[in-house]
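Below: one structure, written as structure tokens.
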Amino acid sequence: MTSAAAPSPSPICAAWFPQTADLAGNPYWPLLQQNLEALGVTFAASHHSYWTQRRWLWQQRRQVQVLHFHFIQPHYAAAARASLRRLRKFTLDLLLARQLGYRLVWTLHDFLPTWPLPPAWVERLARRIMAALAHDVIVHCEEGRRLLAQAFGRCRRVWTLPHPPFVEQLTPAVSRPTARAQLGLPAEAFVIGFVGGIRPNKGVEQLLTAFAQLGEERAWLLVAGRPWPPESYLTALRAQAAALPRVIFRPQEIPAAEMSLYLSAPDVLAFPFQRVLTSSTVIQALAAGRPVIAPRLGCLPELVGENAPQPMADQPGAGILYPPADPHGLLAALRYSLTADLPRMGEAGRERACAGSWPALARATLDIYHGTP
């Protein structure tokens with residue numbers, strides 16, 4: 001006797017908060033949405049990209065099955081503060097959504113928001129509430145899982161899904177000499193690079209300071225990426241960079257077509273984060289075969305691997321990690337990179353970063369939407 005085939009899962013319509021259209025500048029969200037759509041998921045427009053009206057919940061209850069939260073701060077922020085009153089409303093809305101049958105999914109992209117708002121205890125309370133009320137939580141590394149349990153008390157139905165690389169960055173299409181010529185860098189220089197959003201949590205000022213202390217005449221520093229508020233931070237960085245020799249400072253959006261220039265030109269890419277959990281720019285660098293320098297924070301040790309712990313010794317890995325609390329750690333890592341086997345690290349990084357794929361992430365996310373894992 002032939003057994004009956006298992007029934008096909010019902011179609012899923014999801015609403016994201018914020019919507020993909022409001023998450024500009026990072027390919028993560030459009031790539032994930034495109035791969036989910038290829039699996040049959042449809043997407044509803046959320047209310048003005050942030051969920052603020054219970055009427056929307058009632059109207060969409062028969063069409064939308066999943067509410068997927070990527071960033072929750074807009075739901076309780078008011079006048080540059082974390083509002084307890086708005087957080088109370090958001091909590092009641094989450095409870096109502098559960099009562100109406102929605103499945104709540106939360107991706108923990110950051111341990112705390114990029115721009116935390118005062119008072120800090122409201123920010124943490126908001127994350128604890130979201131951790132308690134979400135049916136499922138997605139993290140991109142085991143450290144994210146640990147932090148979620150330790151800080152917000154969430155251990156059940158937490159799924160570690162690796163962050164894939166961005167396909168267009170897997171193989172830089174520009175040779176190093178060509179990239180350097182186009183960016184105004186000497187062909188024989190030792191180039192340290194930084195790419196990504198220029199904002200206070202990225203530690204660009206620390207990188208400039210460490211570069212000034214490096215004292216290596218053949219070393220150049222290339223800093224490029226989209227500037228973010230506050231304007232005072234960018235102004236201070238401009239002045240700091242202008243006072244240093246052999247520094248190219250380009251605070252501007254890098255078009256996707258030009259990203260290969262900024263990934264191909266450096267010998268090593270430095271990311272001196274002050275605060276980080278997941279970093280798509282580090283994944284971009286590794287996928288392009290570039291070793292990285294970064295603090296031992298968040299997902300970075302799992303992603304990069306321990307290559308040069310204190311004392312710095314040659315061990316397998318995709319870059320050089322340093323203790324974030326060590327005021328001389330970044331400088332020591334820069335000095336170590338001058339003599340390290342960077343090509344070997346770059347190949348290790350490419351293998352690490354390319355282990356995941358967007359179709360695999362989408363399939364795992366769809367299983368979470370169905371509640372089947």
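The values are calculated or read from the model by the stated rules, or taken from the named source; none is laboratory data. Computed from a prediction, not measured in an experiment: that's the story for all the values here. No Cβ is skipped: glycine too gets one built from the backbone with ideal geometry, and neighbour counts run over all protein chains shown.
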Scanning the stretch 282-301 residue by residue, those surrounded by 22 or more Cβ atoms within 10 Å (Cβ to Cβ), of a type outside the set (G, A, S) and not in a loop (DSSP other than H, G, I, E, B) turn out to be V282, I283, Q284, L286, V292, I293, P295, L300
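Test F90 against the stated conditions and say whether it is in contact (Cβ under 8 Å) with a residue 24 or more places away in the chain, under 28 Å from P230 (Cα atoms), of a type in the set (F, W, Y) and surrounded by 14 or more Cβ atoms within 10 Å (Cβ to Cβ). Reasoning before the result, please.
Numbers: in contact (Cβ under 8 Å) with a residue 24 or more places away in the chain: yes; under 28 Å from P230 (Cα atoms): yes; of a type in the set (F, W, Y): yes; surrounded by 14 or more Cβ atoms within 10 Å (Cβ to Cβ): yes.
Criteria met by F90.
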Would you call R156 surrounded by fewer than 17 Cβ atoms within 10 Å (Cβ to Cβ), assigned to a helix (DSSP H, G or I) and not assigned by TED's automatic domain parsing to the domain that holds P255?
-> no
Could you list, in sequence order, all residues of the stretch 319-359 that are within 11 Å of R290 (Cβ to Cβ) and surrounded by fewer than 16 Cβ atoms within 10 Å (Cβ to Cβ)?
-> P343, E347
Yes or no: L36 of a type outside the set (K, R), in a helix (DSSP H, G or I) and crowded, with 18+ Cβ neighbours inside 10 Å?
-> yes
Residue in the stretch 222-245 that is farthest from P186 (Cα to Cα), counting only those that are outside any helix (DSSP H, G or I) and out of contact with any Pro (no Cβ under 9 Å at 6 or more places or on another chain) | P229
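Of all residues being part of a helix (DSSP H, G or I) and touching a helix residue (DSSP H, G or I) at 6+ places or on another chain (Cβ under 8 Å) in the stretch 133-153, which is farthest from P373 (Cα to Cα)? Just the residue, please. Lay out the reasoning, then the answer.
Initially, the stretch 133-153 is screened for residues part of a helix (DSSP H, G or I), giving 133, 142-152.
Next, only the ones that are touching a helix residue (DSSP H, G or I) at 6+ places or on another chain (Cβ under 8 Å) stay: 133, 142-143, 148, 151-152.
Working: L133: 18, E142: 17, E143: 21, L148: 19, A151: 24, F152: 22 Å.
Filtering first and then ranking leaves A151.
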The one condition S175 fails out of (1) loosely packed, with under 15 Cβ neighbours inside 10 Å; (2) touching a strand residue (DSSP E or B) at 6+ places or on another chain (Cβ under 6 Å); (3) in contact (Cβ under 8 Å) with a residue 40 or more places away in the chain is (2)
V191 versus (1) crowded, with 18+ Cβ neighbours inside 10 Å; (2) part of a loop (DSSP other than H, G, I, E, B); (3) over 20 Å from the mean Cα position of the chain (by Cα); (4) at pLDDT 95 or above: which is the lone unmet condition?
-> (2)
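Out of curiosity, is P113 outside any helix (DSSP H, G or I), surrounded by 17 or more Cβ atoms within 10 Å (Cβ to Cβ), touching a residue at least 24 places away in the same chain (Cβ under 8 Å) and in the same structural domain as R54 (by TED's automatic domain parsing)? Spell out the reasoning first.
On the way: outside any helix (DSSP H, G or I): yes; surrounded by 17 or more Cβ atoms within 10 Å (Cβ to Cβ): yes; touching a residue at least 24 places away in the same chain (Cβ under 8 Å): yes; in the same structural domain as R54 (by TED's automatic domain parsing): yes.
Yes: the conditions hold for P113.
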